[in-house]
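Report on the structure given below.
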Ligand code: IMP
């Protein structure tokens, strides 16, 4: 029985939530392994909209869901999310929260925003949810963890120690008002009451599930090119987003992972700053944004849009050990007569490469080389299976498979859950 990682292969927003939601039907347990409320999934089921930030989308399928040790949790946001799901009749008692996950504290979003303002033109374009500062405090060993919520005395003490440091930074470095110990402690004690029943030894829970032959999905937040170590640093998020992060972030050994499904849009989007070789110049960018509804789930920000980048995807195949690819939003390309696909980069010294540049200056200054594929110029809404796709759409998919040497196991053709085609059947993909 497989343990399957589902990982974004580009800069995020590839539609991972929908793929997880779909495969969760055939799984027993869904685990988030990194990130925090910087991730946002909007899932529409039977006309009802569900918004998720912390909780894996498997919860909508009534599956047990784990938030692993590698995540950072904003308890205020999480309580709001739980309340909304409760009101919509979702069984939130199935959520398990690792005691080793770190908490986003009130100073983290303030510092995130203040340091972005200071960076000015050099800013990263973070979501200002405190993600970077929370992971920084974890590494600095000043973090406060979910398990600290179990004991009000310990919680207050840890807040006091952290605030002694943070208030100096807030006042003297960032010119922000200090935070008040009693107010923060009381607020977090309120969250603690709500979250306590969910705190569990999730590493043990996942290990046992695997031993019992259960099907486990590991859901990555953000994506490969936003990975802290291997992404387009410094324009990245602050956690290990690549598939290897699934083992670290949930507390299982890497040998336990069987399959890795990368998720990529049939084009590319990026939110925030940073280099983007296949970003479209001219009116087609706006056209693609409108057609794809490319506005951020968490912030509503416009996403930058580009043509499919095979060089970036080849890198994602390598970094993740991808066993297959889910290609989403193919329908968004339906009205273009010609579809440029970036197959190589020209480096600043004039050399051409098919491999992702290892040095950031090469990546920042490279130019895309496109191969133009013919479009299909017809809607895909009526398409029921892969054979029903227009010939040029099938060619587009086959081109991607050939260039990457990886099977495309799922193809997204529309917003609804059922609009995902699977050449060898969903059940087979779910069982590896
Ligand atoms: P942070 O994760 O808020 O620190 O933001 C760091 C970078 O990652 C920024 O460029 C964000 O726009 C980007 N980012 C973070 N989360 C997501 C996501 O879920 N989708 C797309 N981009 C993201």
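The table for this structure:
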{"read-out": "Test: residue in the stretch 184-192 that is in contact with a strand residue (DSSP E or B) (Cβ under 6 Å, 6 or more places away or on another chain), in contact (Cβ under 8 Å) with a residue 24 or more places away in the chain, away from the ligand (no atom under 16 Å from the Cβ) and within 30 Å of residue 301 (Cβ to Cβ)", "value": "no"}
{"read-out": "Whichever residue in the stretch 269-285 is within 12 Å of the ligand (Cβ to nearest atom) and over 19 Å from residue 298 (Cβ atoms) and, among such residues, is surrounded by the fewest Cβ atoms within 10 Å (Cβ to Cβ)", "value": "275"}
{"read-out": "Count - residues of the stretch 117-130 that are more than 16 Å from residue 39 (Cβ to Cβ) and near the ligand (Cβ under 9 Å from one of its atoms)", "value": "1"}
{"read-out": "In the stretch 1-18, the residues that are surrounded by fewer than 24 Cβ atoms within 10 Å (Cβ to Cβ) and within 16 Å of the ligand (Cβ to nearest atom)", "value": "15"}
{"read-out": "Restricting the stretch 375-419 to residues that are within 22 Å of the chain's Cα centre (by Cα) and at pLDDT below 95, the residue that is surrounded by the fewest Cβ atoms within 10 Å (Cβ to Cβ)", "value": "418"}
{"read-out": "Complete set of residues in the stretch 302-334 that are free of Cβ contacts under 8 Å to residues at least 60 places away in the same chain and either under 16 Å from the mean Cα position of the chain (by Cα) or within 19 Å of residue 15 (Cβ to Cβ) (or both)", "value": "302, 304, 305, 306, 334"}
{"read-out": "Condition check for residue 319: more than 16 Å from the ligand (Cβ to nearest atom), buried (at least 20 other Cβ atoms within 10 Å of the Cβ), at pLDDT 95 or above and closer than 20 Å to residue 234 by Cα", "value": "yes"}
{"read-out": "Pick from the stretch 212-240, criterion more than 9 Å from the ligand (Cβ to nearest atom) and within 12 Å of the chain's Cα centre (by Cα), ranking: farthest from residue 312 (Cα to Cα)", "value": "218"}
{"read-out": "In the stretch 86-110, the residues that are under 21 Å from the mean Cα position of the chain (by Cα) and outside any helix (DSSP H, G or I)", "value": "95, 96, 97, 98, 100, 101, 102, 103, 104"}
{"read-out": "Residues that are crowded, with 24+ Cβ neighbours inside 10 Å, under 10 Å from residue 104 (Cα atoms) and more than 16 Å from the ligand (Cβ to nearest atom), drawn from the stretch 131-149", "value": "146"}
{"read-out": "Some residue of the stretch 77-92 being on the phi < 0 side of the Ramachandran plot and crowded, with 24+ Cβ neighbours inside 10 Å", "value": "yes"}
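The values are calculated or read from the model by the stated rules, or taken from the named source; none is laboratory data. No experiment lies behind these values; they were computed from the predicted model shown. Virtual Cβ from ideal backbone geometry, glycine too; neighbours counted across all protein chains shown.
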